[in-house]
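Notes follow once the structure below has been shown.
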Amino acid sequence: MIVRHLSEIEETDADIKTENWRSKRIVLAKEKVGFSVHETTLYAGTVNDFWYANHIEAVFITEGEGEIEDKATGEVHQLKPGSLYLLNNHDKHQVRPRTTMRTVCVFNPPVTGREVHDEDGVYPLVVEDDETPVAG
């Protein structure tokens with residue numbers, strides 16, 4: 001059994017900070033459970049372009065409000081506490097928080113913590129040395 005508190009992750013290598021968002025990686029690939037879990041905070045007024053070409057991501061909003069745009073269709077969905085979006089088709093998307101949004105994110109395959117978004121907002125597929133990637 002693994003039990004963690006966010007305070008154990010803050011200011012460690014698993015606490016990733018950018019100008020637009022902060023992601024605390026709670027469960028990573030090294031745990032070998034087939035997914036990773038993050039608490040991500042997106043800052044009010046930012047525009048965030050993402051495309052997880054190598055991962056499936058589910059995002060549950062716990063605080064704040066904003067919107068997500070499906071870049072393929074232009075469809076915009078409003079986000080508020082209790083909303084969940086699932087990027088089940090590796091969807092290119094843009095998240096625009098009106099207020100600071102706190103979310104819980106689950107990735108498959110799991111994130112190692114070493115990934116960095118490229119110019120398209122994509123995480124490369126990085127695996128632990130002894131891990132076999134799971135197709136997403």
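The values are calculated or read from the model by the stated rules, or taken from the named source; none is laboratory data. Since we're looking at a predicted model, the values are computed, not measured. Ideal geometry is used to build each Cβ from the backbone, glycine not excepted, and the neighbour counts take in all protein chains shown. What goes into the accessible areas is simple: the full protein's heavy atoms, side chains included, and nothing from ligands, DNA or RNA. Shrake-Rupley method; radii C 1.70, N 1.55, O 1.52, S 1.80 Å.
Which lysines, on any chain, are close to Lys71 with Cα under 27 Å apart, when same-chain ones fewer than 8 places away are left out?
Correct list for Lys71: Lys17, Lys24, Lys80, Lys92.
Work through the residues other than Glu65 whose Cβ is under 12 Å from its Cβ and net out their charges, Lys, Arg +1 and Asp, Glu -1.
Around Glu65, the charge tally is +2.
Going 7 Å from the Cα of Val104 in the Cα-to-Cβ direction, what parts of the range 31-57 have a backbone nitrogen less than 20 Å from that spot?
Only 31-43, 56-57 fall inside the zone, counting backbone N under 20 Å.
Taking 0.36 nm per intervening residue step and subtracting the Cα-Cα distance, what contour gain separates Met1 from Glu75 on full extension? It would help to have the intermediate numbers written out before the result.
On the way: separation 74, 0.36 × 74 = 26.64 nm, distance 4.08 nm.
Residue separation times 0.36 nm, minus the Cα-Cα distance, leaves 22.6 nm.
Over all directions, what mean area does the Cα convex hull of the range 1-83 project, stated in square nanometres?
Over every viewing direction, the Cα hull of the range 1-83 projects on average to 6.8 nm².
Over the range 1-122, with every protein chain in place, what whole percent of the accessible area is carbon and sulfur at 1.4 Å, could you tell me?
Within the range 1-122, the accessible surface is 52 percent carbon and sulfur.
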